[in-house]
Structure formats: C-alpha cells, structure tokens
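What follows is a set of notes on a single structure, which appears directly below.
Computed from the coordinates by the stated procedures, all read-outs in this text should not be read as laboratory data. Owing to the predicted nature of the structure, the values given are computational and were not obtained by experimental measurement. Every residue, glycine among them, receives a Cβ derived from its backbone with ideal geometry; neighbour counts consider all protein chains shown.
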Amino acid sequence: MLKFNYHSHSTFCDGKNTLEEMVTSAIDKGMKYFGFSAHSPVPFENDFGLQQEEISNYLNETKRLKAKYEDKIKLFTSMEFDYIPTMSEDIRERAIKYQLDYIISSVHLVYSPKGLWFIDGSKQESYDNGLKNCFDGDIKKAVGAFYSQTIEMIQGAKPDIVGHFDKVKMHNKDRFFKEDEPWYRDLVMQTIETMKENDSICEINTRGLYKGRSNDYFPQTNWIKALAKEKVRVTISTDCHKADEVDKLFIECSEHLKECGHKEIWYFDEIWKSTPL
Ligand SMILES: [Zn+2]
Ligand SMILES: [Zn+2]
C-alpha cells in the first residue's frame with residue numbers, strides 16, 4: 001500500500017526529533033512521500049512554533065534532505081500555518097515567499113477580544129481556563145468562534161490541507177457539549193460544505209487516537225462519513241512529533257475510511273493525485 005504523510009513536526013518547532021531522523025524513520029517504514037510542516041512563526045513569544053530567525057535554516061535543511069534522500073523517498077516542504085484573525089499575516093503570500101510545496105492550515109488558538117483560547121496541547125486545564133477567560137464560559141459562543149475562524153481560514157487562505165478541523169472537541173470529552181447536538185452538527189456541516197466549495201483536502205488526523213487524547217480520529221467517524229457523502233477529498237496525516245510516529249495508524253485509518261464510504265485518498269507528488277482505497 002502506498003504510504004505517505006504530509007503533516008510532521010521536528011525540533012525546529014515542538015517535535016522531539018530532527019528533520020533527518022524523521023526522514024530516516026519514514027524510509028524505514030516504507031513511506032513513499034513525506035512532508036515537513038513546522039508550526040509557522042506566530043507574532044508573539046511562544047515555544048511551539050518555528051522561530052522567525054530559524055526560517056532560512058529550516059528551509060535550507062529541508063532542501064538538503066530532499067537532495068540527500070531523493071532516491072529513497074520524495075520529500076516536500078511546507079508549514080502548518082496558524083490562522084488567527086487580526087494577527088496572521090497573509091498565509092498564501094508567505095507560502096509563496098518561502099517557496100513551499102503545499103499549505104496546511106489549522107486553528108489552535110481561537111480569537112476573542114479578551115484573548116486567545118488555546119484548544120490544543122496536552123492540558124485540559126488550559127482549555128477550561130481559556131473558555132472561562134476568553135468567552136465567559138459560554139461554550140456555544142466559543143465553539144462557534146472556533147468554527148467561524150476555521151471557515152474564514154478555508155475561504156481566505158485556501159490551504160491545500162485543512163488540519164484537524166474538529167480539534168475543539170479534544171478536551172471537551174462530552175463535558176460542555178455533546179457532538180450530536182444540532183447546533184454543533186450545523187457548525188461542522190457548514191465547515192464541510194466550505195471545504196467542498198473550496199475544493200480543500202481534509203486531513204484525517206490520527207494523532208489524538210494514538211496519543212490516547214481522543215477516542216476517535218480528527219475528525220470523528222460521523223464527520224468522516226459526511227465527508228464521503230459530500231465527496232470532499234481526504235488525506236491521512238499522523239501529525240507526528242517523534243520519529244516512531246511517522247506512520248502511526250496509517251493502515252488502520254485507511255481501512256476505516258473505506259468502511260466510512262471513501263473510495264480514494266489523496267497524496268501529493270508535485271501535484272495532488274488520488275489512489276484507490
Ligand atoms: Zn495542529
Ligand atoms: Zn501539527
């Protein structure tokens with residue numbers, strides 16, 4: 001089976017292994033295509049993103065690895081862009097400037113006039129505090145802001161890949177809302193509709209599941225089925241932060257996609273192509 005992954009992190013951002021260690025692991029695991037997607041620099045101090053002064057080192061290192069391993073694996077350079085209203089510089093402009101091969105864009109920080117709500121990371125406590133401080137604990141308002149920010153990102157930046165689009169559920173764990181509530185379903189369906197209109201590729205992200213932070217993929221099974229019904233293109237990402245995670249649950253996820261009604265999956269080889277499941 002053709003194996004690939006376009007969503008990976010390294011020591012250039014919050015990953016644990018170097019770019020080269022990620023590549024040699026991908027080769028060992030028989031992957032044909034692998035993409036680097038460091039968290040893009042953000043305009044405030046942080047310890048998770050690529051630092052502004054490291055951009056050219058990152059780009060040069062990916063170039064070196066592409067050449068060094070070209071007879072073993074096809075490598076591509078990207079970034080996982082954070083979309084934050086009023087803060088993010090133009091994503092497409094930056095991707096052109098850095099000569100990236102494709103664009104992944106995701107929402108990790110939800111904008112509110114009171115501050116940014118961090119929905120990712122390993123701590124439930126920071127999710128709960130952000131909900132209280134940025135949205136006065138109003139979950140509908142907060143989740144609504146997450147999805148409108150996601151929709152705005154898809155329409156504005158037109159990323160090739162939309163990252164983990166329902167990650168807002170991760171720390172919820174059925175505490176503040178249930179995913180089958182109509183208001184929540186409506187927000188998800190609007191997002192899926194927007195991906196369809198913009199011909200986006202939706203990633204099915206295996207990380208939450210293999211890290212034990214979620215009991216399903218991002219997005220969860222009902223939405224994977226909805227994506228098949230709406231004929232939205234999908235790819236599988238492991239969002240790996242360590243070398244042994246490069247292909248985690250790839251095979252299991254492709255089986256699952258088939259069971260959910262998907263017939264094909266998309267991969268990048270200079271252009272986006274599909275392969276039957
Ligand atoms: Zn992400
Ligand atoms: Zn990521």
Seminar exercise, completed: Restricting the stretch 160-207 to residues that are within 13 Å of ligand 1 (Cβ to nearest atom) and charged (D, E, K, R), the one nearest to the chain's Cα centre (by Cα) turns out to be Glu203
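How many of the residues in the stretch 172-229 are outside any loop (DSSP other than H, G, I, E, B) and either over 17 Å from Ile119 (Cα atoms) or without any contact (Cβ under 8 Å) to a residue 60 or more places away in the chain (or both)?
Number satisfying all stated conditions: 34.
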For this session: For the stretch 11-47, name all the residues that are under 15 Å from the mean Cα position of the chain (by Cα) and free of Cβ contacts under 8 Å to residues at least 40 places away in the same chain.
Result: Cys13
Seminar exercise, completed: Note on Thr235: of the conditions (1) in a helix (DSSP H, G or I); (2) touching an Asp or Glu at 6+ places or on another chain (Cβ under 7 Å); (3) within 16 Å of ligand 2 (Cβ to nearest atom), unmet is (1)
Exercise. Taking the stretch 178-234, which residues are in contact with a Lys or Arg (Cβ under 8 Å, 6 or more places away or on another chain) and β-branched (Val, Ile, Thr)?
Worked result: Ile201, Thr206, Val232
Exercise. Which one of Ile251, Ile265 is assigned to a helix (DSSP H, G or I) and closer than 26 Å to Val23 by Cα?
Worked result: Ile251
Problem set entry | Residues (within 24 Å of Leu19 (Cβ to Cβ), in contact with a Phe, Trp or Tyr (Cβ under 6 Å, 6 or more places away or on another chain) and more than 16 Å from ligand 1 (Cβ to nearest atom)) located in the stretch 223-248 | none
